[in-house]
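Trainee: Right, I'll just put the structure down here and ask away after.
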Amino acid sequence: MNKGKLYLIPAPLGDGAPSDVIPAPVLELLQHIDCYVVEEVRTVRRYLSRAGLKGHIEELEFHELNEHTAPAEIAPLVHLFDNGRDVGLISEAGLPAVADPGSALVALCHREGIEVVPLVGPSSLMLALMASGLNGQSFAFVGYIPAKTEERRAAIRRLEKRSAAERQTQILIETPYRNDALFADLIATCSNKTMLTVAANITQPDAYIRTQPVSRWKEHPVTIGKRPCVFLMLG
């Protein structure tokens, strides 16, 4: 049976106009896809409306794939590609399948021989690394670390030790409402000489990106709040 392709469609990192950060060929492609697998339907409907599909949203088909999706619910998605139908994957994270449950659909497509097409767009992780001034030749994205204070501080110590030994930048993210707790533990746990980057609301008008030693952060701490944020450290 002829199968369509899976397009990994980038999304803006905030509420700005998609045309400001999404390449024109990607926006053009959106006009030709009528089926989407998404992390959050409401957010994607708003994105597609701003991207030029206003008035046509009700004609589209949406399927949610997020942290609440059971593994048994993923396999049937393969039928979305029947009869050569192309499907778009859109994440809340900017780029699909990176720190995103959508990676399960990508893995399914590879198992089923369905072509996967990644498209260019903003990545908060790479933008933060670019702007940090830290080591961009050796780095590791470690994602989320434990939320409980003692476990989190132990994880920070391990990452700092690895970073110092290998001169490797460590990239972390956190659920926005825990940003300030993670920041507090980073400056309380790391050596004063460790370099720490806070990169919040990247690409937005109120973007904040700052790199300095932990000793300076202790002297002048910041309140990040519930903004999307990437943390980078180099021991």
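Trainee: How large is log10 of I(q)/I(0) for the chain at q = 0.11, 0.12 Å⁻¹ when the intensity is taken from the Debye formula with one equal scatterer per alpha-carbon?
Mentor: Debye output, listed in q order: -0.63, -0.73.
Trainee: GNM on the chain, C-alpha springs below 10 Å: top fluctuator among 29, 186, 48?
Mentor: Taking springs between Cα atoms under 10 Å, the residue moving most is 29.
Trainee: DSSP loop (so not H, G, I, E, B), at most 14 other Cβ within 10 Å: list which trypsin sites (Lys or Arg not before Pro) in region 1-101 pass both filters. Walk me through the numbers before you get to the answer.
Mentor: Working: sites: 3, 5, 42, 45, 46, 50, 54, 85; in loops: 5, 54, 85.
Passing both the DSSP loop test and the Cβ count: 54.
Trainee: Still on this structure, I have one more. State, as an integer percentage, the relative contact order of region 124-234 based on alpha-carbon contacts under 8 Å between residues 6 or more apart.
Mentor: Details: 189 pairs, mean separation 38.3, N = 111.
Taking the mean separation of contacting Cα pairs over the length of region 124-234, I get 35 percent.
Trainee: Distance from a point 7 Å along Cα→Cβ of residue 74 to each backbone N in region 106-122: keep the residues under 19 Å and list them by number.
Mentor: 106-118
Trainee: State the antiparallel share, in %, of DSSP beta bridges confined to the chain, rounding to the nearest 5. Intermediate results must be reported in sequence, preceding the final value.
Mentor: Details: 17 of 35 bridges.
Roughly 50 percent of the DSSP beta bridges within the chain come out antiparallel.
Trainee: Sticking with this structure for a sec: Select from 104, 170, 32 the residue farthest towards the positive end of the dipole of the chain; place +1 on Cβ of Lys and Arg, -1 on Cβ of Asp and Glu, and compute about the Cα centre.
Mentor: 170
Trainee: Treat every Asp and Glu Cβ in region 124-234 as -1 and every Lys and Arg Cβ as +1, leave all other atoms uncharged, and give the resulting dipole magnitude about the Cα centre to the nearest 20 debye.
Mentor: Working: 15 positive and 9 negative charges, 43 e Å.
In total the dipole reaches around 200 debye.
Trainee: So what is the calculated 222 nm ellipticity per residue for the chain, using -39500 (n - 2.57) for each DSSP H run with n of 4 or more, over all residues, to the nearest 500 deg cm²/dmol? Don't skip to the answer; put the middle values down first.
Mentor: Working: 7 runs with 68 residues, N = 235.
It lands at -8500 deg cm²/dmol.
Trainee: Report, in whole Å, the centroid distance computed from the Cα atoms of region 39-57 and region 77-143.
Mentor: Using only Cα atoms, the two centres lie 19 Å from each other.
Trainee: Near residue 161, which lysines are there with a Cα under 29 Å away, not counting those fewer than 8 places off in the same chain?
Mentor: Counting by Cα, and skipping residues close in sequence, residue 161 has these lysines nearby: 148, 193, 218, 226.
Trainee: Right, another one. Cα centroids of region 1-19 and region 166-235: how far apart, whole angstrom?
Mentor: Each part's Cα centre sits 29 Å from the other's.
Trainee: Give the order of 80, 232, 134 when sorted by the count of other beta carbons within 10 angstrom, beginning with the fewest.
Mentor: Working: 80 19, 232 26, 134 23.
Going from sparsest to densest Cβ surroundings: 80, 134, 232.
Rule-based calculations on the coordinates, nothing more; no lab input. Nothing here was measured: the structure is a model prediction, and the numbers come from that model. Using ideal geometry, Cβ is built from the backbone for each residue, glycine included, and neighbour counts are taken over all protein chains shown.
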